[in-house]
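Comments concern the structure below.
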Amino acid sequence: MLPIERQQRIIDELNLNGRVIVAELVTLCQVSQETIRRDLTQLEKRGLLQRSHGGAVPAKRQAANIQGNTRGVNEYELSFRQRINEHVDAKMAIAKRALDFISPGDCILLDSSTTCWYLARQLPDIELTVLTNSIRIVQTLAARGSIRTICLGGEYSDRYEDFHGVVAEQPLREFQINKIFFSCSSLGNDGYLREGNENNAHLKQQMLLAAERKHLLLDGSKFLRPSFARICHYRDVDFLITDQLKDKELEQELAWNGVNIIDCSQRSHSMQLIKN
């Protein structure tokens, strides 16, 4: 069992039972106590649990989610207006780096993440077709004379300031989309990208199916933390553009799965592991 798989197993047991015991995890994962303790230490540093004598219990925020079931998870999802002010420098740097992957004549798809909103703000007024389900991005691009903007309609969410549902998904089948730029709530220990609610997750699944090249924009705060609804595995992504990737095990896992890693903190020395 790989470390990333083992640690996800620990989180799953924690969510199921409300606590984990080192001795039980040793038997479950077939590793030594020292290995389990190292795993618990790493998970505690990521804010996913709190170590206690002989095991671990959920971190305060995670405990509230467990007691409050799915609704509790969604209650901790911040609104678009709140997320705009989080990790601004990182999102701006990622968005600026993403510009290098956009060419005149492209038909691109932007999701309703705040990182894509920062990308839209920096788009030059060149010949582009932009599809998006974000009302904020539509408003941002309204004054760009050379950019054709198409809004994916549907059911409107005031919390996320976007559209979702079947009506939003339908137009995706009608266009030849060169590239998608998107973000998500987390890249989890199990290797899956996740969203805080099932509506956004399902729409992003359809967006990814519609686009030829897939660019994931992810700041360092979103790595290896829990979230609710599964989108896809990271192996389905072509490019990961990030401001930091400190977890060497995850970095190696991404490389083994053919993900192109673009570290925007090292502009002139970006590590690109290009798929053949």
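The values are calculated or read from the model by the stated rules, or taken from the named source; none is laboratory data. Only a predicted model underlies this, so the values are computations on that prediction, with no experimental measurement involved. Note: ideal-geometry Cβ built from the backbone for every residue, glycine included; neighbour counts use all protein chains shown. Note: areas computed on protein heavy atoms with side chains; ligands, DNA, RNA excluded. Shrake-Rupley method; radii C 1.70, N 1.55, O 1.52, S 1.80 Å.
Note on E198: accessible area approximately 100 square angstrom, rounded to 10, probe 1.4 Å, nucleic acids and ligands left out.
With the full set of protein chains in place, find how many percent of the accessible area of the chain is carbon and sulfur; take the probe as 1.4 Å.
On the way: 6230 of 13220 Å².
Carbon-and-sulfur percentage of accessible area, whole number: 47.
Take L2: with every protein chain present and a 1.4 Å probe, its accessible area is about 70 Å². Sequence-ordered 3J(HN,Hα) estimates for region 143-159 from the Karplus curve with 6.51, -1.76 and 1.60 and θ = phi - 60° stand at 8, 8, x, 8, 9, 8, 10, 10, 8, 7, x, x, 6, 8, 10, 5, 5 Hz, glycine and proline given as x. Each Lys and Arg Cβ is given +1 and each Asp and Glu Cβ -1; about its Cα centre, the chain then shows a dipole of about 480 debye. Largest first, the three principal axis extents of the alpha carbons in region 1-57 are 22, 20, 19 Å in whole numbers.
Distance between the modelled labels on D158 and E44, one decimal in nanometres: 4.3 nm (7 Å Cα→Cβ projection).
For C151, the solvent-accessible surface with a 1.4 Å probe is about 60 Å², rounded to the nearest 10. Computed per residue of the chain from DSSP H runs no shorter than four, each worth -39500 (n - 2.57), the mean residue ellipticity at 222 nm is -11000 deg cm²/dmol.
The share of C-alpha pairs in region 94-155 whose separation exceeds 17 Å stands at 29 percent.
Annotation: extensible slack from Q30 through K248 equals 76.2 nm (criterion: 0.36 nm per residue apart, minus Cα-Cα distance).
Potential lengthening of the chain between E127 and R19 amounts to 33.4 nm, from the contour at 0.36 nm per residue minus the alpha-carbon distance.
With bins 5 Å wide beginning at 0, the percent of Cα pairs of region 110-190 falling in each bin runs 3, 15, 25, 26, 18, 9, 3, 1, 0.
Once both labels are positioned 7 Å from their Cα atoms along Cα-to-Cβ, the gap between A143 and D89 label points is 2.7 nm. Going 7 Å from the Cα of H233 toward and past its Cβ, which residues in region 166-194 have a backbone nitrogen under 13 Å from where you end up? Within reach of a label on H233, which here means backbone N under 13 Å from a point 7 Å along Cα→Cβ, region 166-194 contributes 190-193.
Full extension of the chain between D100 and D12 yields a length gain of 27.8 nm, computed as 0.36 nm times the residue separation minus the alpha carbon distance. Taking the charge dipole of the chain about its Cα centre, with +1 at Lys and Arg Cβ atoms and -1 at Asp and Glu Cβ atoms, the residue from Q82, H202, I150 reaching farthest to the positive side is Q82.
Within the chain, the longest run free of exposed loop sites, counting chymotrypsin sites (Phe, Trp or Tyr not before Pro) that sit outside DSSP helix and strand states (H, G, I, E, B) and have at most 15 other Cβ atoms within 10 Å, spans 176-276.
The separation of region 17-47 from region 138-166, counted between C-alpha centres, amounts to 44 Å. Taking amide hydrogens as placed 1.01 Å from N in the peptide plane, the amide H of S186 sits under 5 Å from those of R194, each at least 5 positions away in sequence or on another chain.
In terms of overall dimensions, the C-alpha atoms belonging to the chain reach 64, 41, 32 Å along their principal axes, ordered largest to smallest. Here the relative contact order of the chain, from alpha carbon pairs under 8 Å that lie six or more residues apart, stands at 14 percent.
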